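A.B. asks: Sharing a structure with you now.
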Amino acid sequence: MFGLLSLFISLVAAYPARGPCTGDCWAHDPSMIQRKSDGKYFRFSTGTGVNIMSSPALKGPWTDLGAALPDGSKIDLSGANTTDIWAPDVHYADSTYYMYYAISAIGTQTSEIGVATSTTMEPGSWTDHGVVGIPANSDYNRIDPNWIEIDGKQYLQFGSFWQDIHQVELTSALKVGSNTPYQIAYNASLNHREEGSFLYQHGDYYYLFFSAGIAGSYTATTPAAGAEYSIRVCRSTTGTGGFVDKDGTACTNSGGTMLLASHNQVYGPGGEGVLTDSDLGPILYYHYYPLAEKEAGGDGTAGYRYGWNELGFTDGWPVVKAA
Ligand SMILES: *[C@@H]1O[C@H](CO)[C@@H](O)[C@H](O)[C@H]1NC(C)=O
Ligand SMILES: *[C@@H]1O[C@H](CO)[C@@H](O)[C@H](O)[C@H]1NC(C)=O
């Protein structure tokens, strides 16, 4: 009886397996999109000039195409390395692919968000437009951009630690103008470990996904169990505020329902986004660190892998499904 009960508990607690991947399965803070012209999948990652990979299918085989901005960003930010470009976010509008990205000195508010455009997404096709012009403020860190359109208006979600996730309306795809950012999610605990937000509309709600916990620096002994990245979610009917978790706790008051935590070899899932697949519907994609590599000592960002699952919705809340 007890054996059956613990088997049942372990079954309900487990997450479904991640989707398969063949070819080059490295990813870091990925952004994924299907190209309109041919349905080909593109995956962009943090790194030198923003790494681009592509594949005929979600599961691969993935091929490394090179960098979007091999010479770095034209953003002039003293103290930060403008060749090392973080957390790309790519969307398609008006026959153009827009890529928001961040330049930063790690662990500081010396950061800026920029934008580049392309009509094909191929290496060599990207034009950098530099900063979008989010004003500096000690409340937030200008990294981890994410774009959405709500009722014909464009917005960027961004932020990492300090006062966590903020949102700002854009005056055009390339500029913030005089608009002022406002907070949409905040964890009051410790040093406010929320970043990597992604806003996605489905049914009656806008879902705010974010990464909670510690990204990277995964070694055999760090971080403490449970302190690593996990993917959380809150929802709102307007998309511009009022985000709550499944218990009704405000996302600005430390709320955030667990969507995906470490399981099996998938350690520290985060840096997530949602792609609306032309055949499968909503797909949650993320990076993770293979547990065996962490236990063997860890090897920095080179160890990150691409993970994905189909995303279902039950009673208005997202659930991770087997691929
Ligand atoms: C800047 O970052 C690139 C990789 O993105 C690296 O190759 C280069 O050495 C870095 N430059 C400095 C001065 O750290
Ligand atoms: C808030 O932070 C604490 C401490 O890091 C953590 O235990 C908790 O899970 C976090 N909650 C959310 C919603 O991120």
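Each reported figure results from applying straightforward, stated rules to the coordinates on display, with no laboratory input. Here the structure is a predicted model, which is why all the values come from computation and not from measurement. FYI the Cβ positions are ideal-geometry reconstructions off the backbone, even for glycines, and counts take in every protein chain you see.
A.B. asks: Could you state the number of Å between the C-alpha centres of the range 56-113 and the range 17-48?
C.D. replies: The range 17-48 and the range 56-113 have Cα centres spaced 14 Å from each other.
A.B. asks: Taking amide H positions as placed in the peptide plane 1.01 Å from N, state which residues far from residue 33 in sequence (5 or more) or on other chains have amide H under 5 Å from it.
C.D. replies: 42
A.B. asks: Please quote Rg/Rh for the range 189-323 to two decimal places, taking the Kirkwood radius as Rh and restricting both calculations to Cα atoms. Mind showing how you got there, number by number?
C.D. replies: Working: Rg = 15.0 Å, Rh = 15.3 Å.
Ratio of gyration radius to Kirkwood radius: 0.98.
A.B. asks: Charges at C-beta only: +1 for Lys and Arg, -1 for Asp and Glu. How large is the resulting dipole of the chain about its Cα centre, in Debye rounded to 20?
C.D. replies: Numbers: 17 positive and 32 negative charges, 70 e Å.
Around 340 debye, computed over the chain.
A.B. asks: For a test of understanding, tell me how many lysine pairs in the chain have Cα atoms under 22 Å apart, given they are 8 or more places apart or on different chains.
C.D. replies: Step by step, the pairs that qualify in the chain add up to 6.
A.B. asks: Between residue 220 and residue 108, what is the FRET efficiency for a Förster distance of 41 Å, r being their Cβ-Cβ separation, to the nearest 0.05?
C.D. replies: Details: r = 28 Å, r/R0 = 0.67.
For R0 = 41 Å, the calculated efficiency reads 0.90.
A.B. asks: In whole Hz, what ³J(HN,Hα) sequence does the range 228-236 give by Karplus (6.51, -1.76, 1.60; θ = phi - 60°), x for Gly and Pro?
C.D. replies: Coupling constants for the range 228-236: 6, 3, 8, 9, 10, 8, 10, 9, 8 Hz.
A.B. asks: For the residue pair residue 71 and residue 178, what label-to-label distance in nm results when each label sits 7 Å from Cα along the Cα-to-beta-carbon direction?
C.D. replies: Here the answer is 3.5 nm between the modelled labels.
A.B. asks: Spin-label point model (7 Å from Cα, Cβ direction): what's the residue 171 to residue 237 distance in nm?
C.D. replies: 3.3 nm
A.B. asks: Would you mind calculating the relative contact order of the chain from Cα pairs under 8 angstrom and at least 6 residues apart, reporting the percent as a whole number? Don't skip to the end; give the middle numbers.
C.D. replies: On the way: 879 pairs, mean separation 45.5, N = 323.
Rounded, it is 14 percent for the chain.
A.B. asks: A further question on this structure: Report the far tail of the P(r) of the chain, meaning the percent of Cα-Cα pairs longer than 27 Å. Please report the intermediate quantities before stating the final value.
C.D. replies: Numbers: 20519 of 52003 pairs.
The answer is 39 percent, as a whole percent.
A.B. asks: Now, a different point. What's the FRET efficiency of residue 296 with residue 127 using the Cβ-Cβ distance as r and R₀ = 51 Å, to the nearest 0.05? Kindly include the intermediate steps, with their values, before the conclusion.
C.D. replies: Numbers: r = 42 Å, r/R0 = 0.82.
That pair, residue 296 with residue 127, gives E of 0.75.
A.B. asks: Using θ = phi - 60° and the Karplus relation 6.51 cos²θ - 1.76 cosθ + 1.60, list the HN-Hα couplings for the range 262-276 in order, rounded to whole Hz, with x at every Gly or Pro.
C.D. replies: Once θ is set to phi - 60°, the couplings for the range 262-276 become 3, 7, 6, 7, 7, 9, x, x, x, x, 7, x, 10, 10, 8 Hz.
A.B. asks: For the chain, what does -39500 (n - 2.57) per DSSP helix run (n ≥ 4), summed and divided by total residues, give at 222 nm, in deg cm²/dmol to the nearest 500?
C.D. replies: On the way: 2 runs with 17 residues, N = 323.
So the helix-based figure for the chain works out to -1500 deg cm²/dmol.
A.B. asks: In addition: What FRET efficiency, computed as 1/(1 + (r/R0)^6) with R0 = 22 Å and r the Cβ-Cβ distance, is obtained for residue 150 and residue 276, rounded to the nearest 0.05? Present the calculation step by step, with values, prior to reporting the outcome.
C.D. replies: On the way: r = 16 Å, r/R0 = 0.72.
Using R0 = 22 Å, I get an efficiency of 0.90.
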